[in-house]
Amino acid sequence: MTGDKKGFPEGFLWGGALAASQCEGATLEDGKKWTTGDAMPYGVFSDVIIPPPDDYLKKEAIDFYHRYKEDIRLFAEMGFKTLRISLSWARIFPDGDEEQPNEKGLKFYDDLIDELEKYGIEPLITLVHFEIPLHLAEAYGGWANRKMIDFYEKFVRTVYTRYKDKVRYWITFNEINVVLDAPFNGAGINAKPGEVDKQVLYQAIHHQFVASALAIKIGHEINPDFKIGCMVANSPYYPLTPNPDDVWEAVRKDRETLFFADVQARGAYPGYMKRFFKENGISLEIAEGDLELMKANTVDYISFSYYMSYCASADPDVLKEVGNVKSGIKNPYLKASSWGWQIDPKGLRYAMNMFYDRYQLPLFIVENGLGAKDELIPDGEGGFTVADDYRIAYFKAHLQQAYEAIQDGVELLGYTSWGPIDIVSNTFSEMEKRYGFIYVDKHNDGSGSLGRYRKKSFYWYKDVIATNGASLFQG
Ligand code: BG6
């Protein structure tokens with residue numbers, strides 16, 4: 001699938017991506033209970049899990065739960081072909097271990113999916129995006145417990161069956177590799193990053209692999225046309241110097257991500273991980289049939305987020321000073337965002353080629369974007385806007401590199417920018433860090449009218465979609 005000169009492939013899925021706990025709000029409405037995502041960031045280092053303070057932003061977030069129609073209308077105005085959403089597990093199974101689903105929670109997603117259909121926007125659903133019902137974390141210890149596979153299966157069967165004729169694209173777990181640095185976020189394990197017992201952590205990861213393979217099996221049984229993918233946070237590492245030790249360190253760091261894609265795309269634990277387990281005294285409890293299930297049910301496509309790249313050095317004295325939950329070494333050739341995320345458009349082409357060379361599976365860029373501070377200003381016509389040329393420059397450079405990767409032979413299904421409307425950020429639960437084409441009047445202190453305003457990038461992205469990417473190469 002190669003794009004026409006200066007255009008993206010026909011049928012390319014342009015759109016945006018959201019996560020339930022960061023946009024919906026209504027955290028305790030219509031039967032929903034708390035999730036680990038709602039508890040972020042309070043749950044991470046746990047003393048205070050729930051209830052969070054009154055000015056807690058996610059309680060209302062951007063009120064997508066009540067305003068989704070208005071927001072979808074704006075996405076449709078931009079010409080979205082797809083919208084990536086996640087399902088809040090606790091809207092559907094509030095505690096996670098009940099027998100029957102909560103009809104009111106399902107009704108919300110019925111209506112949301114119907115609203116997308118009205119505009120011809122194809123849903124792309126993440127089954128688990130950094131949240132499980134809080135009860136499953138508190139009572140069972142999250143994914144460290146094998147029982148989670150059964151709870152997940154029940155949840156997944158319920159939504160697959162309900163939406164089998166309305167949804168084609170699914171993702172089993174958001175950024176499954178982030179669990180290494182954020183065990184609460186990724187697996188509901190209430191431990192500080194770095195302090196989690198490795199045996200517990202890798203056992204939880206094994207349970208997620210089994211659950212993901214099971215979800216692929218069940219999905220293909222329910223509807224053979226389902227396309228079910230894995231999703232990894234992809235920040236490639238470059239060696240800081242040509243010193244072979246640095247080169248090897250970059251390979252080692254990349255494998256912390258590739259391990260997750262290797263298992264889900266190839267269906268087996270790679271040799272380098274078997275060695276790692278052995279050398280670290282990790283002995284996984286693998287139930288009968290697990291490995292066969294994983295081997296027989298690999299992903300249909302690889303999806304990933306891409307925000308930045310890092311450098312790697314074997315020298316322990318080199319300062320790790322950039323990044324987020326992960327940390328890496330500064331690249332002297334790159335600039336960083338206000339949050340220290342290094343901006344590296346060519347790294348996207350590099351990563352896409354690396355994945356495609358390795359797996360020969362279609363790719364889907366399901367998160368990319370610039371978190372920035374925006375200023376709402378008069379638009380000269382009695383309304384308000386944001387002059388976010390910096391965001392346009394970021395997107396333009398990244399999309400041009402995605403185009404180059406397609407010319408390199410990479411099969412790319414689509415591109416969903418992160419947070420096409422401003423939402424609560426994941427890492428620090430703040431509103432100040434905005435990714436959207438649409439500004440939401442809501443602030444870190446909880447104030448704001450929740451009004452929506454089109455930024456300059458709104459019109460720019462609309463044009464990109466309308467021309468199927470050709471406008472990226474004009475002017
Ligand atoms: C990804 C997550 O890690 O990055 C999203 O899948 C998250 O949930 C996004 O919001 C950006 O991170 P942040 O911390 O800037 O919101």
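Among the residues of the range 408-429 satisfying the criterion of being in a loop (DSSP other than H, G, I, E, B) and hydroxyl-bearing (S, T, Y), which is modelled with the highest pLDDT? Walk me through it before giving the result.
The first filter runs over the range 408-429 and keeps only residues in a loop (DSSP other than H, G, I, E, B), leaving 408-411, 419-420, 422-429.
Checking which are hydroxyl-bearing (S, T, Y) leaves us with 425, 427, 429.
Numbers: S425: 93, T427: 82, S429: 86.
So the residue we want is S425.
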* Structure fact -> Note: among L361, L412, L376, just one is touching a residue at least 60 places away in the same chain (Cβ under 8 Å) and farther than 21 Å from L13 by Cβ, namely L376
* Asked: So, in the range 260-313, of the ones that are charged (D, E, K, R) and touching a Phe, Trp or Tyr at 6+ places or on another chain (Cβ under 9 Å), which residue ends up farthest from V210 (Cα to Cα)?
  -> D300
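Between G11, G16, which is modelled with pLDDT of 95 or more and on the phi > 0 side of the Ramachandran plot? Quick ask: steps written out before the conclusion?
Working: G16 fails: on the phi > 0 side of the Ramachandran plot.
Being modelled with pLDDT of 95 or more and on the phi > 0 side of the Ramachandran plot holds for just one of G11, G16, which is G11.
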* Asked: Cβ-Cβ below 6 Å, separation at least six or inter-chain, first residue in the range 117-132 and of a type in the set (S, T, N, Q) and within 16 Å of the ligand (Cβ to nearest atom), second assigned to a strand (DSSP E or B) and modelled with pLDDT of 95 or more: which pairs?
  -> T126/S86; T126/I171
* Structure fact -> The lone condition T172 fails out of (1) crowded, with 23+ Cβ neighbours inside 10 Å; (2) touching a Gly at 6+ places or on another chain (Cβ under 7 Å) is (2)
* Evaluate the following for G347: is it within 16 Å of the ligand (Cβ to nearest atom) and under 26 Å from E122 (Cα atoms)? => no
* Looking at (1) hydrophobic (A, V, I, L, M, F, W, C); (2) outside any loop (DSSP other than H, G, I, E, B); (3) surrounded by fewer than 21 Cβ atoms within 10 Å (Cβ to Cβ), which is the only condition W339 fails? -> (2)
* Those residues that are surrounded by 20 or more Cβ atoms within 10 Å (Cβ to Cβ) and part of a loop (DSSP other than H, G, I, E, B), I need them from the range 430-461; list them, please. => M431, K433, Y435, G436, F437, K442, K455
* Structure fact -> In the range 19-33, residues that are of a type in the set (A, V, I, L, M, F, W, C) and in a loop (DSSP other than H, G, I, E, B) total 3
* Structure fact -> Filtering the range 72-90 down to residues that are of a type outside the set (G, A, S), part of a helix (DSSP H, G or I) and touching a Pro at 6+ places or on another chain (Cβ under 9 Å) yields L74, F75, M78, W89
* Taking the stated definitions as given, is F151 of a type outside the set (A, V, I, L, M) and either within 16 Å of the ligand (Cβ to nearest atom) or within 17 Å of A20 (Cα to Cα) (or both)? -> no
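Taking the range 386-408 as the search range and keeping residues that are more than 30 Å from K227 (Cα to Cα) and either in contact with a strand residue (DSSP E or B) (Cβ under 9 Å, 6 or more places away or on another chain) or touching a residue at least 60 places away in the same chain (Cβ under 8 Å) (or both), which one is nearest to the ligand (Cβ to nearest atom)?
Looking only at the range 386-408, we keep the residues that are more than 30 Å from K227 (Cα to Cα), and these are 386-393.
Applying the additional criterion that residues be either in contact with a strand residue (DSSP E or B) (Cβ under 9 Å, 6 or more places away or on another chain) or touching a residue at least 60 places away in the same chain (Cβ under 8 Å) (or both) yields 386-392.
Numbers: V386: 17, A387: 21, D388: 16, D389: 20, Y390: 16, R391: 14, I392: 19 Å.
Checking each candidate, the answer is R391.
Within the range 356-370, can you find the residues that are in contact with a Ser or Thr (Cβ under 8 Å, 6 or more places away or on another chain) and either β-branched (V, I, T) or away from the ligand (no atom under 16 Å from the Cβ) (or both)? Can you show your working first?
Within the range 356-370, the subset in contact with a Ser or Thr (Cβ under 8 Å, 6 or more places away or on another chain) is 363-370.
Correct list: L363, I365, V366.
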* Asked: Hey, among the residues in the range 266-310 that are at pLDDT 95 or above and of a type in the set (F, W, Y), which one's nearest to F173 (Cα to Cα)?
  -> F304
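F458 - would you say it is modelled with pLDDT of 95 or more, of a type in the set (F, W, Y), under 22 Å from E381 (Cα atoms) and within 16 Å of the ligand (Cβ to nearest atom)? Explain how you work it out, then say what you get.
Numbers: modelled with pLDDT of 95 or more: yes; of a type in the set (F, W, Y): yes; under 22 Å from E381 (Cα atoms): yes; within 16 Å of the ligand (Cβ to nearest atom): no.
In short, no.
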* **Condition broken by G31, with the remaining ones in (1) farther than 30 Å from Y119 by Cα; (2) surrounded by fewer than 23 Cβ atoms within 10 Å (Cβ to Cβ); (3) modelled with pLDDT of 95 or more satisfied** => (1)
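Find the residue count for the range 409-423, including only residues that are within 18 Å of L124 (Cβ to Cβ) and more than 13 Å from the ligand (Cβ to nearest atom).
5
Any residue in the range 424-446 that is touching a Cys at 6+ places or on another chain (Cβ under 9 Å) and over 20 Å from I121 (Cα atoms)?
Kept after step one, since they are touching a Cys at 6+ places or on another chain (Cβ under 9 Å), are these residues of the range 424-446: 424.
Next, only the ones that are over 20 Å from I121 (Cα atoms) stay: 424.
For the range 424-446, residues touching a Cys at 6+ places or on another chain (Cβ under 9 Å) and over 20 Å from I121 (Cα atoms): present.
Out of all the residues in the range 161-216, which are in contact with a strand residue (DSSP E or B) (Cβ under 8 Å, 6 or more places away or on another chain) and outside any loop (DSSP other than H, G, I, E, B)? Write out each step before concluding.
Restricting attention to the range 161-216, the residues satisfying the condition of being in contact with a strand residue (DSSP E or B) (Cβ under 8 Å, 6 or more places away or on another chain) are 163, 166-178, 212, 215-216.
Across the range 161-216, the qualifying residues are Y163, Y169, W170, I171, I176, N177, V178, S212, A215, I216.
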* Leading residue by the ranking (surrounded by the fewest Cβ atoms within 10 Å (Cβ to Cβ)) among those in the range 249-291 that are among the polar types (S, T, N, Q) and closer than 27 Å to Y301 by Cα -> T257
* Give the residue, chosen from D245, D317, that is surrounded by fewer than 23 Cβ atoms within 10 Å (Cβ to Cβ), in contact (Cβ under 8 Å) with a residue 60 or more places away in the chain, farther than 22 Å from E153 by Cβ and among the acidic types (D, E). => D245
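Answer with yes or no whether G383 is crowded, with 16+ Cβ neighbours inside 10 Å, in contact (Cβ under 8 Å) with a residue 12 or more places away in the chain and out of contact with any strand residue (DSSP E or B) (no Cβ under 6 Å at 6 or more places or on another chain). Step through it out loud before you land on a result.
Numbers: crowded, with 16+ Cβ neighbours inside 10 Å: no; in contact (Cβ under 8 Å) with a residue 12 or more places away in the chain: yes; out of contact with any strand residue (DSSP E or B) (no Cβ under 6 Å at 6 or more places or on another chain): yes.
Taking the combined requirement at face value, the residue does not satisfy it.
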* Structure fact -> Selection over the range 159-198 where residues are away from the ligand (no atom under 16 Å from the Cβ) and of a type in the set (G, A, S) yields a count of 2
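The values are calculated or read from the model by the stated rules, or taken from the named source; none is laboratory data. On a predicted model such as this, the values are computed, not experimentally measured, just so you know. With ideal geometry, Cβ positions are generated from the backbone for all residues, glycine too; neighbour counts draw on all protein chains shown.
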